[in-house]
Amino acid sequence: MKQNKRNKFNYNEGVALSAWRESLNEIIFGSETRLGKVFDVVLIISIICSVIAVMLGSVTQIYLQYSEILFYIEWFFTLLFTLEYALRLISVRRPLRYTLSFFGLVDFLSIIPTYLSFLFPSIKYMLVIRILRLLRVFRIFKLSAYMGEAQTLMSALSKSWRKILVFLYTILTLVVVFGSLMYVVEGSESGFTSIPKSVYWAIVTLTTVGYGDIAPQTPLGQMIAALIMIMGYGIIAVPTGIYSAELIKTYKPERISNNACPACGETGHDYDAEYCKYCGHFLDD
(Lines give C-alpha, C1' and ligand atoms only; values in the text may rest on other atoms or scores of the structure.)
Protein backbone atom coordinates (compact mmCIF):
# COMPACT_ATOMS: atom_id res chain seq x y z
CA MET A 1 0.00 0.00 0.00
CA LYS A 2 2.85 2.33 0.85
CA GLN A 3 4.49 1.46 -2.46
CA ASN A 4 1.36 2.47 -4.38
CA LYS A 5 1.18 5.80 -2.56
CA ARG A 6 4.80 6.51 -3.35
CA ASN A 7 4.33 5.75 -7.03
CA LYS A 8 1.16 7.79 -7.17
CA PHE A 9 3.02 10.72 -5.68
CA ASN A 10 5.73 10.42 -8.35
CA TYR A 11 3.07 10.33 -11.03
CA ASN A 12 1.41 13.49 -9.82
CA GLU A 13 4.78 15.14 -9.40
CA GLY A 14 5.37 15.19 -13.16
CA VAL A 15 3.95 18.01 -15.26
CA ALA A 16 0.99 16.79 -17.31
CA LEU A 17 1.53 16.89 -21.05
CA SER A 18 -0.97 18.00 -23.63
CA ALA A 19 -2.25 15.51 -26.18
CA TRP A 20 0.12 16.63 -28.93
CA ARG A 21 3.14 16.45 -26.59
CA GLU A 22 2.12 12.95 -25.52
CA SER A 23 1.94 11.93 -29.18
CA LEU A 24 5.31 13.56 -29.82
CA ASN A 25 6.80 11.67 -26.87
CA GLU A 26 5.54 8.37 -28.26
CA ILE A 27 7.06 9.08 -31.68
CA ILE A 28 10.44 10.38 -30.51
CA PHE A 29 11.20 8.11 -27.56
CA GLY A 30 9.42 4.97 -28.68
CA SER A 31 9.76 2.78 -31.73
CA GLU A 32 6.77 0.51 -31.25
CA THR A 33 4.60 2.64 -33.50
CA ARG A 34 5.06 3.08 -37.24
CA LEU A 35 5.90 6.77 -36.93
CA GLY A 36 8.36 5.97 -34.14
CA LYS A 37 10.20 3.49 -36.34
CA VAL A 38 10.26 5.97 -39.23
CA PHE A 39 11.67 8.63 -36.90
CA ASP A 40 14.45 6.28 -35.72
CA VAL A 41 15.38 5.29 -39.27
CA VAL A 42 15.48 8.91 -40.48
CA LEU A 43 17.54 9.90 -37.44
CA ILE A 44 20.07 7.12 -37.96
CA ILE A 45 20.46 7.99 -41.66
CA SER A 46 20.99 11.65 -40.72
CA ILE A 47 23.60 10.69 -38.13
CA ILE A 48 25.53 8.55 -40.59
CA CYS A 49 25.44 11.25 -43.28
CA SER A 50 26.58 13.89 -40.77
CA VAL A 51 29.48 11.74 -39.58
CA ILE A 52 30.53 11.01 -43.18
CA ALA A 53 30.50 14.76 -43.92
CA VAL A 54 32.71 15.45 -40.88
CA MET A 55 35.11 12.67 -41.91
CA LEU A 56 35.30 13.91 -45.50
CA GLY A 57 36.00 17.41 -44.20
CA SER A 58 39.19 16.10 -42.59
CA VAL A 59 40.59 15.08 -46.01
CA THR A 60 42.59 18.04 -47.28
CA GLN A 61 41.91 17.59 -51.00
CA ILE A 62 38.18 17.14 -50.49
CA TYR A 63 37.97 20.07 -48.09
CA LEU A 64 39.79 22.43 -50.46
CA GLN A 65 37.49 21.50 -53.32
CA TYR A 66 34.14 21.20 -51.51
CA SER A 67 34.62 23.32 -48.38
CA GLU A 68 31.56 25.47 -49.04
CA ILE A 69 29.30 22.47 -49.63
CA LEU A 70 30.60 20.74 -46.50
CA PHE A 71 30.00 23.94 -44.54
CA TYR A 72 26.34 24.06 -45.52
CA ILE A 73 25.92 20.33 -44.90
CA GLU A 74 27.38 20.68 -41.44
CA TRP A 75 25.05 23.52 -40.54
CA PHE A 76 22.05 21.70 -42.01
CA PHE A 77 22.60 18.70 -39.77
CA THR A 78 23.42 20.88 -36.80
CA LEU A 79 20.13 22.75 -37.11
CA LEU A 80 18.30 19.46 -37.69
CA PHE A 81 19.78 17.91 -34.54
CA THR A 82 19.10 21.14 -32.62
CA LEU A 83 15.44 20.91 -33.59
CA GLU A 84 15.39 17.26 -32.57
CA TYR A 85 16.96 18.10 -29.20
CA ALA A 86 14.38 20.83 -28.58
CA LEU A 87 11.53 18.45 -29.45
CA ARG A 88 12.88 15.89 -27.00
CA LEU A 89 12.88 18.47 -24.20
CA ILE A 90 9.35 19.52 -25.09
CA SER A 91 7.99 15.97 -25.16
CA VAL A 92 9.11 14.87 -21.67
CA ARG A 93 7.54 15.78 -18.34
CA ARG A 94 10.93 16.28 -16.69
CA PRO A 95 13.25 17.99 -19.19
CA LEU A 96 16.05 18.47 -16.66
CA ARG A 97 16.21 14.74 -15.95
CA TYR A 98 16.57 14.01 -19.65
CA THR A 99 19.11 16.81 -20.12
CA LEU A 100 21.36 15.29 -17.45
CA SER A 101 20.92 11.72 -18.71
CA PHE A 102 23.58 10.02 -20.83
CA PHE A 103 21.86 10.48 -24.19
CA GLY A 104 20.71 13.96 -23.20
CA LEU A 105 24.34 15.00 -22.69
CA VAL A 106 25.33 13.28 -25.95
CA ASP A 107 22.60 15.22 -27.76
CA PHE A 108 23.89 18.51 -26.36
CA LEU A 109 27.56 17.76 -27.04
CA SER A 110 26.77 16.71 -30.60
CA ILE A 111 25.41 20.12 -31.56
CA ILE A 112 27.29 22.65 -29.41
CA PRO A 113 30.72 22.33 -31.16
CA THR A 114 29.34 23.80 -34.40
CA TYR A 115 28.00 26.86 -32.58
CA LEU A 116 31.22 27.26 -30.62
CA SER A 117 33.32 27.00 -33.77
CA PHE A 118 31.14 29.72 -35.27
CA LEU A 119 31.83 32.00 -32.32
CA PHE A 120 35.45 30.92 -31.77
CA PRO A 121 36.90 29.70 -35.08
CA SER A 122 40.36 29.19 -33.59
CA ILE A 123 39.18 26.43 -31.24
CA LYS A 124 39.77 23.66 -33.75
CA TYR A 125 40.09 20.91 -31.17
CA MET A 126 36.34 21.18 -30.59
CA LEU A 127 35.94 19.21 -33.82
CA VAL A 128 37.02 16.16 -31.84
CA ILE A 129 33.85 16.40 -29.77
CA ARG A 130 31.75 16.13 -32.91
CA ILE A 131 32.74 12.50 -33.19
CA LEU A 132 30.33 11.92 -30.28
CA ARG A 133 27.62 11.96 -32.91
CA LEU A 134 28.67 8.42 -33.66
CA LEU A 135 27.11 7.47 -30.33
CA ARG A 136 23.73 8.39 -31.76
CA VAL A 137 23.95 5.29 -33.92
CA PHE A 138 23.49 3.20 -30.77
CA ARG A 139 19.96 4.50 -30.52
CA ILE A 140 19.05 1.69 -32.81
CA PHE A 141 19.35 -0.44 -29.66
CA LYS A 142 16.08 1.11 -28.56
CA LEU A 143 14.45 -1.45 -30.79
CA SER A 144 12.87 -4.03 -28.54
CA ALA A 145 14.75 -6.88 -30.23
CA TYR A 146 18.02 -5.56 -28.78
CA MET A 147 17.01 -3.83 -25.57
CA GLY A 148 17.02 -6.92 -23.37
CA GLU A 149 20.44 -8.04 -24.55
CA ALA A 150 21.91 -4.57 -24.01
CA GLN A 151 20.61 -4.45 -20.45
CA THR A 152 21.96 -7.95 -19.79
CA LEU A 153 25.45 -6.89 -20.91
CA MET A 154 25.37 -3.76 -18.74
CA SER A 155 24.11 -5.73 -15.73
CA ALA A 156 26.90 -8.31 -16.07
CA LEU A 157 29.47 -5.53 -16.39
CA SER A 158 28.23 -3.78 -13.25
CA LYS A 159 28.40 -7.02 -11.27
CA SER A 160 31.92 -7.90 -12.39
CA TRP A 161 33.61 -4.48 -12.12
CA ARG A 162 35.05 -5.18 -8.65
CA LYS A 163 36.76 -8.36 -9.84
CA ILE A 164 38.03 -6.60 -12.94
CA LEU A 165 39.30 -3.73 -10.77
CA VAL A 166 41.28 -6.19 -8.62
CA PHE A 167 42.65 -7.75 -11.81
CA LEU A 168 43.75 -4.35 -13.14
CA TYR A 169 45.42 -3.56 -9.82
CA THR A 170 47.35 -6.85 -10.07
CA ILE A 171 48.42 -6.00 -13.63
CA LEU A 172 49.53 -2.53 -12.54
CA THR A 173 51.63 -4.07 -9.78
CA LEU A 174 53.23 -6.54 -12.19
CA VAL A 175 54.19 -3.92 -14.79
CA VAL A 176 55.71 -1.67 -12.11
CA VAL A 177 57.75 -4.58 -10.71
CA PHE A 178 58.87 -5.86 -14.13
CA GLY A 179 59.54 -2.34 -15.39
CA SER A 180 61.73 -1.53 -12.40
CA LEU A 181 63.53 -4.86 -12.78
CA MET A 182 64.27 -4.21 -16.46
CA TYR A 183 65.54 -0.74 -15.61
CA VAL A 184 68.06 -2.32 -13.26
CA VAL A 185 69.01 -5.20 -15.59
CA GLU A 186 69.21 -3.33 -18.92
CA GLY A 187 69.93 0.29 -18.01
CA SER A 188 69.97 3.31 -20.28
CA GLU A 189 72.33 1.66 -22.75
CA SER A 190 69.43 -0.49 -24.03
CA GLY A 191 66.88 2.33 -24.04
CA PHE A 192 65.52 1.81 -20.52
CA THR A 193 66.41 5.33 -19.48
CA SER A 194 63.93 5.61 -16.59
CA ILE A 195 61.51 3.53 -14.57
CA PRO A 196 58.40 5.12 -16.18
CA LYS A 197 59.77 4.30 -19.65
CA SER A 198 60.58 0.77 -18.48
CA VAL A 199 57.03 0.43 -17.13
CA TYR A 200 55.75 1.55 -20.54
CA TRP A 201 57.81 -1.23 -22.13
CA ALA A 202 56.41 -3.75 -19.62
CA ILE A 203 52.83 -2.73 -20.47
CA VAL A 204 53.47 -3.03 -24.21
CA THR A 205 55.11 -6.43 -23.73
CA LEU A 206 52.54 -7.84 -21.29
CA THR A 207 49.67 -6.91 -23.60
CA THR A 208 51.55 -8.64 -26.48
CA VAL A 209 51.48 -5.44 -28.56
CA GLY A 210 55.25 -5.28 -28.99
CA TYR A 211 56.01 -1.95 -30.68
CA GLY A 212 59.71 -2.76 -30.80
CA ASP A 213 60.86 0.78 -29.99
CA ILE A 214 62.59 -0.57 -26.87
CA ALA A 215 64.09 -4.06 -26.67
CA PRO A 216 66.29 -5.84 -24.09
CA GLN A 217 69.84 -6.61 -25.18
CA THR A 218 71.22 -8.75 -22.36
CA PRO A 219 70.44 -12.49 -22.01
CA LEU A 220 68.84 -11.93 -18.58
CA GLY A 221 66.69 -9.11 -19.91
CA GLN A 222 65.55 -11.24 -22.83
CA MET A 223 64.62 -14.06 -20.45
CA ILE A 224 62.52 -11.66 -18.39
CA ALA A 225 60.91 -10.33 -21.58
CA ALA A 226 60.05 -13.87 -22.70
CA LEU A 227 58.47 -14.57 -19.32
CA ILE A 228 56.36 -11.41 -19.53
CA MET A 229 55.19 -12.33 -23.05
CA ILE A 230 54.09 -15.81 -21.94
CA MET A 231 52.30 -14.32 -18.94
CA GLY A 232 50.56 -11.88 -21.26
CA TYR A 233 48.86 -14.65 -23.23
CA GLY A 234 47.47 -16.14 -20.02
CA ILE A 235 46.45 -12.84 -18.47
CA ILE A 236 44.47 -11.59 -21.48
CA ALA A 237 41.85 -14.29 -20.97
CA VAL A 238 41.19 -13.44 -17.29
CA PRO A 239 38.85 -10.40 -17.65
CA THR A 240 37.01 -12.16 -20.46
CA GLY A 241 36.38 -15.15 -18.22
CA ILE A 242 35.22 -12.96 -15.33
CA TYR A 243 32.79 -11.08 -17.52
CA SER A 244 31.53 -14.23 -19.24
CA ALA A 245 30.80 -15.91 -15.89
CA GLU A 246 28.75 -12.93 -14.72
CA LEU A 247 27.02 -12.76 -18.09
CA ILE A 248 25.83 -16.37 -17.76
CA LYS A 249 24.49 -15.65 -14.26
CA THR A 250 22.79 -12.45 -15.33
CA TYR A 251 21.15 -13.66 -18.52
CA LYS A 252 17.40 -13.95 -18.14
CA PRO A 253 15.30 -14.17 -21.28
CA GLU A 254 12.53 -11.62 -20.87
CA ARG A 255 10.41 -9.38 -23.00
CA ILE A 256 11.35 -5.72 -22.92
CA SER A 257 9.11 -2.87 -23.96
CA ASN A 258 10.52 -0.10 -26.11
CA ASN A 259 8.05 2.52 -24.94
CA ALA A 260 9.78 5.41 -23.21
CA CYS A 261 8.87 6.89 -19.85
CA PRO A 262 6.93 10.12 -20.50
CA ALA A 263 8.78 11.81 -17.62
CA CYS A 264 12.48 10.98 -18.10
CA GLY A 265 12.50 9.42 -21.59
CA GLU A 266 14.22 6.18 -20.50
CA THR A 267 13.33 2.92 -22.24
CA GLY A 268 13.85 -0.77 -21.50
CA HIS A 269 10.93 -1.48 -19.16
CA ASP A 270 9.25 -4.87 -18.82
CA TYR A 271 6.05 -5.27 -20.78
CA ASP A 272 4.05 -5.69 -17.56
CA ALA A 273 5.70 -2.74 -15.77
CA GLU A 274 3.39 0.02 -14.57
CA TYR A 275 6.04 2.41 -13.25
CA CYS A 276 9.40 3.61 -14.55
CA LYS A 277 12.30 1.79 -12.88
CA TYR A 278 14.48 4.90 -13.22
CA CYS A 279 12.28 7.71 -11.83
CA GLY A 280 9.18 5.89 -10.54
CA HIS A 281 6.82 7.73 -12.87
CA PHE A 282 3.59 6.04 -13.96
CA LEU A 283 3.91 4.52 -17.44
CA ASP A 284 0.99 5.49 -19.59
CA ASP A 285 -0.60 2.75 -21.66
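Assorted remarks:
- Answer residue from region 31-71, given it is surrounded by 14 or more Cβ atoms within 10 Å (Cβ to Cβ) and in contact with a Leu (Cβ under 7 Å, 6 or more places away or on another chain) and is nearest to PRO262 (Cα to Cα) among those: SER31
- Residue pairs whose Cβ atoms lie under 8 Å apart, sitting 6 or more positions apart in sequence or on different chains, and linking a residue in region 61-83 that is over 14 Å from ILE112 (Cα atoms) to a partner that is aromatic (Phe, Trp, Tyr), are LEU70/TYR63.
- Among all residues of region 132-149, there is at least one that is at pLDDT 65 or above, part of a helix (DSSP H, G or I), surrounded by 14 or more Cβ atoms within 10 Å (Cβ to Cβ) and not assigned by TED's automatic domain parsing to the domain that holds THR207.
- Residues (over 17 Å from LEU174 (Cα atoms), among the β-branched types (Val, Ile, Thr) and surrounded by 15 or more Cβ atoms within 10 Å (Cβ to Cβ)) located in region 190-217: ILE214
- When ASN12, ASN7, ASN25 are checked against the criterion of being at pLDDT below 85, farther than 24 Å from TYR115 by Cα and exposed (fewer than 15 other Cβ atoms within 10 Å of the Cβ), a single residue qualifies: ASN12.
- Residue match in region 232-247 (condition: modelled with pLDDT of 90 or more and aliphatic (A, V, I, L, M)): no
- Condition check for ALA215: assigned to a helix (DSSP H, G or I) and modelled with pLDDT of 80 or more: no
- Residues of region 18-48 satisfying the condition of being in contact (Cβ under 8 Å) with a residue 12 or more places away in the chain and hydroxyl-bearing (Ser, Thr, Tyr): SER31, SER46
- Only one of THR82, THR78 that is buried (at least 19 other Cβ atoms within 10 Å of the Cβ) and among the β-branched types (Val, Ile, Thr): THR78
- Being under 17 Å from PHE29 (Cβ atoms), charged (D, E, K, R) and modelled with pLDDT under 85 is a description that does not apply to ARG88.
- Residue among VAL209, VAL185, VAL204 that is closer than 24 Å to ALA237 by Cβ and either part of a helix (DSSP H, G or I) or more than 32 Å from the chain's Cα centre (by Cα) (or both): VAL204
- Selection from region 169-208 of residues that are touching a residue at least 40 places away in the same chain (Cβ under 8 Å) and among the aliphatic types (A, V, I, L, M): ILE171, LEU174, LEU181, MET182
- Among the residues of region 262-276, those identified as under 21 Å from the mean Cα position of the chain (by Cα) and either modelled with pLDDT of 75 or more or not polar (S, T, N, Q) (or both) are CYS264, GLY265, GLU266, GLY268, HIS269.
The values are calculated or read from the model by the stated rules, or taken from the named source; none is laboratory data. None of these values were measured; they are calculated from a predicted model. With ideal geometry, Cβ positions are generated from the backbone for all residues, glycine too; neighbour counts draw on all protein chains shown.
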